[in-house]
Amino acid sequence: MSDVLAAFALVFIAEVGDKTQLLALGLATRNRFTSVAAGVVAAYLITSTLSVALGAVGGHLLSTEAVGLIAGLLFLGLAVAGIISLRSIGKDGQDGPAPPAANSVRAFATVTIAMTAAELGDKTMFATAALAAQGRPVAVWLGALAGIVAAGLLGVGIGRLLGRRLPQRPLALAGIVLFAGFGVVLVMSALT
């Protein structure tokens, strides 16, 4: 039980105010709560499992620089996709006529990809891997997943509250800038 609690506390504290929590907050301002929450959980399930697997095995498949470069390129791709999707947002700032089901699937996919890319190589991934290498991997996985999901869903909830009060077009532009900014920073960090 101590491995679960230690992993939960470490990851939750590390994730509060982290770029992925802020990203979840931003994505939740313009998408349905359920789509963003499901994407956040899916992304954290992927990254927590990967972290624990890497820690438990003790090997490193990719260098930190390679992971950063891949994540940065994914963010830049999401920024381009955001620019393309601006056409569906009217001049009044409201979403265009795309069907709700398509928006939900697209939002889930975007959130899952963005959050996974943001978390790759992040401090919480390395902390989880280190804990898994030292403790019981399944217990660490449960605690780390619970901690990171709790922090992510906190960001999603705050984002939904803000999103109801703000027009969509400026939020979409802010998301594009956020994706591009993360992308540039990650690529530059990986290359230097």
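The range 1-31 to the range 116-151: how many Å between their Cα centroids?
First find each Cα centre; the distance between them is then 10 Å.
For labels at residue 191 and residue 106 in the simple 7 Å Cα→Cβ model, what's the distance in nm?
Each label point lies 7 Å from its Cα, and together they span 3.0 nm.
Probe 1.4 Å, all protein chains in place: accessible area of residue 188 in Å², nearest 10?
Roll a 1.4 Å probe over it and residue 188 shows about 110 Å².
The values are calculated or read from the model by the stated rules, or taken from the named source; none is laboratory data. These figures come from a predicted structure and were not determined experimentally. Here Cβ is always computed from backbone atoms with ideal geometry, including for glycine, and neighbour counts include all displayed protein chains. For the accessible areas, the whole protein counts, side chains as well, though only heavy atoms, and no ligand, DNA or RNA atoms are used. Shrake-Rupley method; radii C 1.70, N 1.55, O 1.52, S 1.80 Å.
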